[in-house]
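Values quoted throughout were computed directly from the atomic coordinates according to the rules given, and no laboratory measurement underlies them. Given the structure is predicted, the values throughout are model-derived calculations rather than measurements. Neighbour counts are summed over all protein chains in view; Cβ atoms, including those assigned to glycine, are modelled from backbone coordinates with ideal geometry.
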Amino acid sequence: MKLATLADGTRDGRLVVVSRDLAYATSAQGIAPTLQKALDDWPRLAPRLAALAEALESGAVPRERFREHEALAPLPRAFQWIDGSAYLSHVELVRKARGAAMPPQFWSDPLLYQGGSDSFLAPREPIKAEDEGFGIDFEGEVGLIVTDVPMGASAAEACASIALILLVNDVSLRNLILAELAKGFGFFQSKPSSAFSPVAVSPDELGPAWDGGRLHLPLLVSLNGKPFGRADAGKGMNFDFPTLIAHAARTRPLSAGTIVGSGTVSNKEEDGGPARPAADGGIGYSCIAEARMAEITRYGTARMQFLHFGDTVRIEMRNASGHSVFGAIEQTVEPYGRSPAL
């Protein structure tokens, strides 16, 4: 099944079930008013939502056109947003860019940070920033939403907790990161609101592309209408999702509705070398920071700039038949200007 949240004037929107081709939706209000309410009672309500999805496909229930630009994030706000960094080729590159070594334990101990979850961006909502000099970047990721996970959960229990899968744009302000990390207390100002795909999808909907821990489909990233990256989300993921979830739950339970991100999807080329730009026929990148580090490796200096006002990034994933799975995140960078007090 595919679920989305449509704007209705409230903070949490209204839950709908979306058809497989993303063309139509039907209200799920008779089952749960919001996605969080559904997740709070997932074992009982998920089968009812799945039945509604089948009824939508057969034309047995009223339907409306599904318009991605009317969708909020599937969870417009969540109890918790945990982002990992499971693709170590990405970790190596971005650490190298800031002159930081790769500690040996990174190969065996997953990286996680706890981000802000109170104000997610809608998939077509602009990325707003006060200053281009912040080093505005996108990060294309795969994410998932879990049901309740007990503290100390095993990888098998973590796998069983996976309710829905979605795409993420983890917006980063690269020029603020270094100074923040130097304080020894982690990200804060350098990680503004993240955006999510219009639709969240149950694992069974993904067929063989989902192996229980990794999603084996290319993440298609474009910048200003030009291909930027096509890294396969199933390749180069050193820690799978059950491992990330179990690591997060080692010392605390995770509440239903917690979102866990994979970190920036990153691949090496088939020959084992670093990714080449998509414009040169390579795999490309899921963030600008990686592209800049690759330029430093090749040319001795970074040539590509971070995002400017007016730039547009699009993040999407298509199945083997070429159909969009989650809908697209498509965001334009705009200057932030606070509205004057009324």
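With the helix formula -39500 (n - 2.57) applied to DSSP H stretches of n ≥ 4, the chain reaches a computed 222 nm mean residue ellipticity of -6000 deg cm²/dmol. Helix 42-58 and the longest principal axis of the Cα set of the chain meet at an angle near 80°. Roughly how tilted is helix 88-97, in degrees to the nearest 10 and between 0 and 90, from the longest Cα axis of the chain? Tilt relative to the chain: about 40 degrees. Looking at the range 175-236, the trypsin sites (Lys or Arg not before Pro) that sit in a DSSP loop and have at most 15 other Cβ atoms within 10 Å of their own Cβ are Lys183. Of all lysines in the structure, the ones whose alpha carbon falls short of 21 Å from that of Lys226, not counting any fewer than 8 places away in one chain, are Lys268. The trypsin sites (Lys or Arg not before Pro) of the range 86-178 that DSSP puts in a loop, and whose beta carbon has at most 16 other beta carbons within 10 Å, are Arg98.
Sorting 11-17, 221-227, 163-169 by their mean Cβ neighbour count within 10 Å, with the most densely packed peptide first, gives 163-169, 11-17, 221-227.
Applying the criteria of a DSSP loop state and at most 14 other Cβ atoms within 10 Å to the GluC sites (Glu not before Pro) of the range 45-153 yields Glu130.
Magnitude of the charge dipole for the chain, about its Cα centre and with charges confined to Cβ atoms of Lys, Arg (+1) and Asp, Glu (-1), is about 280 debye.
Comparing Ala200, Ala182, Ala155 along the charge dipole axis of the chain, the residue lying farthest to the positive side is Ala182, per the Cβ-charge model.
Does a label point 7 Å from the Cα of His69, set along Cα-to-beta-carbon, have any residues of the range 100-139 with amide nitrogen under 14 Å, and which are they? Only 123-126 fall inside the zone, counting backbone N under 14 Å.
For the chain, the longest principal axis of the C-alpha atoms and the axis of helix 288-299 are separated by about 30°.
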